[in-house]
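Working notes, beginning with the structure itself.
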Amino acid sequence: MITTEQKKEAIRKFKERKPLAGVYAVRCPQDGRTWVGSTRNVDAVKNAVFFSLRLGSHRERSLQEAWNAYGEAAFEFQVLETLDSDVEPMLVSDLLKEAKQRWMWELSATGLL
């Protein structure tokens, strides 16, 4: 059984952790298309993307149309790259933008906002 003190310590550690920034891909093997996005929190972005797709409200129309046509089971989510946690905060946006562009080119993918 976990003690109250252990529980408090686990919660404190969870709150103190820094989210990983990075680039991710959403793939639909059914039609061969890939969409690439970047985020400051790769741990949370899959839930956010899939949630908006389930609601039918994703901002990228081509991804939403493919989701509607093939269903959730036809999609894969992959983290392509993460930034080092010690990257200067002011550089994160530029580094994510560069990495996203590189991956879009490499995968012939559509960009996500």
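What follows is calculated from the coordinates using simple rules that are stated; it is not laboratory data. Remember, it's a predicted structure, so these values are computed and weren't measured experimentally. Positions of Cβ are backbone-derived with ideal geometry, glycine not excepted, and every protein chain shown enters the neighbour counts.
Helix-only arithmetic for the chain: the sum of -39500 (n - 2.57) across DSSP H runs with n ≥ 4, divided by the residue total, places the mean residue ellipticity at 222 nm at -15000 deg cm²/dmol. Taking amide hydrogens as placed 1.01 Å from N in the peptide plane, the amide H of residue 109 sits under 5 Å from that of no residue at least 5 positions away in sequence or on another chain. Remark: spin-label model distance residue 93-residue 2 equals 3.7 nm, labels positioned 7 Å along the Cα→Cβ axis.
Only Lys, Arg, Asp and Glu carry charge here, each on its Cβ (+1 for the first two, -1 for the last two); on that basis the chain has a dipole of about 400 debye about its Cα centre.
A Förster radius of 22 Å, combined with the Cβ-Cβ distance separating residue 110 from residue 54, puts the computed FRET efficiency at roughly 0.65.
Taking each residue as 0.36 nm, the span from residue 46 to residue 72 lengthens on full extension beyond its C-alpha to C-alpha distance by 8.1 nm. With 30 Å as the limit, the listed pairs 7/100; 7/46; 8/97; 8/100 have 7/100; 8/97; 8/100 beyond it between alpha carbons. Based on the convex hull around the alpha carbon atoms, the range 20-111 presents an average projected area of 5.6 nm².
The amide H of residue 20, built 1.01 Å from its N in the peptide plane, has 42, 43 as neighbours under 5 Å, considering only residues 5 or more places off or on other chains.
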